[in-house]
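**Q** Can you read through this structure? Questions will come right after.
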Amino acid sequence: MRGQIILSHGLDSSPEAAKVSALAALAESLGWQTLRPDYRSDDARGYPATVAPRIARLRATIESLDAPPLLVGSSMGAFVSGLVSLEVPVAGLLLLATPPLIPGYDSPLDLCDSVPVTMVHGWRDEICPHEPIQAFAAHRRLPLLMVDDDHRLGASMDAIAAQFRLMLDTLAPAA
């Protein structure tokens with residue numbers, strides 16, 4: 001096993017969602033162990049009320065592991081992954097279609113400065129406009145891949161998979 005990855009789905013999604021399923025399959029084919037927490041019961045609480053329970057669930061999952069995992073998150077999963085990286089050690093972050101803030105939640109997006117981060121965002125994201133996330137990435141000098149896609153990033157899976165594979169090879173080169 002090369003390492004552990006936790007993939008967090010977005011709001012109104014599931015652990016079987018297309019992006020997290022495709023990325024989990026790629027990681028597993030390369031020798032990584034993956035976990036996909038199910039946040040649907042947390043999401044039933046309503047928009048800002050889902051953040052704290054998601055953080056608690058993700059943090060508990062991380063604390064049950066032997067080593068810091070790579071966190072992959074989509075939308076709300078990306079937002080929560082960033083915040084959790086401030087609380088517990090993680091190996092890196094791949095953040096997709098990330099909201100810079102959640103209306104009604106006290107804290108904006110933040111993340112640990114000492115871990116590798118890659119962000120992917122769509123130029124046509126109708127839920128999380130690209131300008132705030134571009135400013136966030138620019139301020140922190142983070143890698144940000146902008147793709148011609150909407151919030152679901154469905155047309156960009158090849159580009160996302162290539163970035164993901166590069167990140168995996170950087171974190172734990174194949175033997």
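The values are calculated or read from the model by the stated rules, or taken from the named source; none is laboratory data. Quick caveat: nothing in here was measured; it's all calculated off a predicted structure. Cβ placement follows ideal geometry from the backbone for every residue including glycine, while neighbour counts extend to all protein chains displayed.
**Q** So which residues in segment 1-22 are of a type in the set (A, V, I, L, M), in contact with a helix residue (DSSP H, G or I) (Cβ under 8 Å, 6 or more places away or on another chain) and farther than 20 Å from Ser85 by Cα?
**A** Ala18, Ala22
**Q** Another one. Find the strands (runs of 3 or more DSSP E) located wholly in segment 70-147 whose residues include 1 or more that are of a type in the set (A, V, I, L, M) and either at positive phi or surrounded by fewer than 18 Cβ atoms within 10 Å (Cβ to Cβ) (or both), and list them. Can you show your working first?
**A** Working: elements: 70-74, 92-96, 117-122, 144-147.
Qualifying strands (runs of 3 or more DSSP E): 144-147.
**Q** Take the residues in segment 17-59 that are within 15 Å of the chain's Cα centre (by Cα), surrounded by fewer than 16 Cβ atoms within 10 Å (Cβ to Cβ) and of a type outside the set (Gly, Ala, Ser), then tell me which one is nearest to Leu71 (Cα to Cα).
**A** Arg59
**Q** Which one of Arg36, Arg59, Arg2, Arg40 is charged (D, E, K, R) and touching a Gly at 6+ places or on another chain (Cβ under 8 Å)?
**A** The unique qualifying residue is Arg2.
**Q** Here is a follow-up. Among the residues in segment 71-92, are any modelled with pLDDT under 95 and more than 12 Å from the chain's Cα centre (by Cα)?
**A** No, every residue in segment 71-92 fails to be modelled with pLDDT under 95 and more than 12 Å from the chain's Cα centre (by Cα).
**Q** I've got another one for you. Among (1) of a type in the set (D, E, K, R); (2) at pLDDT 95 or above; (3) in contact with a Ser or Thr (Cβ under 6 Å, 6 or more places away or on another chain), where does Asp43 come up short?
**A** (2)
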